[in-house]
Amino acid sequence: MSAAMKTIDLAQTDLRNLNASLQQSKSGQWQVTNPKGSHALAVGLMYPIEVAVQGSTGYYCAGMNQEATVHVYGSVGPGVAENMMSGTVIVEGDASQYAGATAHGGLLVIKGNASSRCGISMKGIDIVVQGNIGHMSAFMAQSGNLVVLGDAGDALGDSLYEAGLFVRGEVKSLGADCIEKEMRDEHIVTLTDLLTRSGSDAKPEEFKRYGSARKLYNFNIDNASAY
């Protein structure tokens with residue numbers, strides 16, 4: 001641990017005061033001890049600080065993040081990195097439902113498994129899950145990339161727009177308008193970059209790519225009489 005790192009013990013400090021201190025800090029390294037499953041921890045961080053959370057958290061950890069790097073040495077509850085705009089969030093353990101929901105940018109790395117609705121309505125975030133993901137993941141995902149080194153549950157990519165989905169393992173079923181697509185050179189480049197940045201030990205050639213069939217949200221002149 002760096003000598004300049006500031007440590008806040010949540011057994012002795014109020015969560016509201018912790019978040020206020022982190023939000024006001026424009027640089028530096030922070031360590032949070034005894035999180036004890038606290039909700040909405042390290043939310044709304046606007047500056048390029050580094051936050052190490054020593055333990056598991058509750059829901060909405062690192063939500064609305066901008067520029068900060070938040071590293072959770074444990075598992076997280078629902079909605080980790082929800083509505084994140086930029087920056088990096090790393091979870092050493094598992095994540096509950098809707099990880100990375102509605103997030104517009106940045107990188108979310110989950111080194112364990114993610115539950116249902118991972119990446120729901122994602123709008124530009126890159127998510128790398130080194131384990132498995134649950135059902136309805138990437139539901140209505142609009143842009144960004146979801147990379148899964150393990151398996152995916154039912155209805156992957158249901159009502160998908162233009163996000164890219166890459167799965168190394170088995171997909172239980174695909175959702176409405178989601179199909180397997182060709183893995184072209186540009187996708188290998190994107191996937192290689194994400195695997196490298198997330199510290200994932202996998203080869204891009206081991207993955208299959210899934211995307212929108214573009215039939216659900218696109219006007220088809222052949223069906224004009226139905227409108």
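Rule-based calculations on the coordinates, nothing more; no lab input. Given the structure is predicted, the values throughout are model-derived calculations rather than measurements. Don't worry about glycine lacking a Cβ; one is built from the backbone with ideal geometry, like all the others, and counts go over all protein chains shown.
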Subset tally (residues that are of a type in the set (A, V, I, L, M) and under 15 Å from Leu195 (Cα atoms)) for the range 94-117: 4
Residue selected from the range 30-47 under the condition touching a residue at least 24 places away in the same chain (Cβ under 8 Å) and more than 15 Å from Gly77 (Cβ to Cβ), by the criterion surrounded by the fewest Cβ atoms within 10 Å (Cβ to Cβ): Asn34
Residue satisfying condition, being of a type outside the set (D, E, K, R), surrounded by 13 or more Cβ atoms within 10 Å (Cβ to Cβ) and more than 30 Å from Glu92 (Cβ to Cβ), within set Ala176, Ala138: Ala176
Answer from Gly93, Gly100 - the residue that is in contact with a strand residue (DSSP E or B) (Cβ under 8 Å, 6 or more places away or on another chain), part of a loop (DSSP other than H, G, I, E, B) and surrounded by fewer than 20 Cβ atoms within 10 Å (Cβ to Cβ): Gly93
Ser27 surrounded by fewer than 18 Cβ atoms within 10 Å (Cβ to Cβ), more than 15 Å from Ser86 (Cβ to Cβ) and free of Cβ contacts under 8 Å to residues at least 60 places away in the same chain: yes
Long-range neighbours under 9 Å by Cβ, at least six apart or interchain, first residue of a type in the set (A, V, I, L, M, F, W, C) within the range 9-24, second surrounded by 16 or more Cβ atoms within 10 Å (Cβ to Cβ) and assigned to a helix (DSSP H, G or I): Leu10/Leu18
Single condition Ser21 does not satisfy, out of (1) of a type in the set (Ser, Thr, Tyr); (2) farther than 28 Å from Met122 by Cα; (3) part of a loop (DSSP other than H, G, I, E, B): (3)
For Met46: the one exception among (1) under 17 Å from Val128 (Cβ atoms); (2) out of contact with any strand residue (DSSP E or B) (no Cβ under 7 Å at 6 or more places or on another chain); (3) hydrophobic (A, V, I, L, M, F, W, C): (1)
Residue check for Ile125: outside any loop (DSSP other than H, G, I, E, B), β-branched (Val, Ile, Thr) and touching a Lys or Arg at 6+ places or on another chain (Cβ under 8 Å): no
Sole residue being touching a Pro at 6+ places or on another chain (Cβ under 7 Å) and closer than 19 Å to Glu206 by Cα, chosen from Ile188, Ile133, Ile179: Ile188
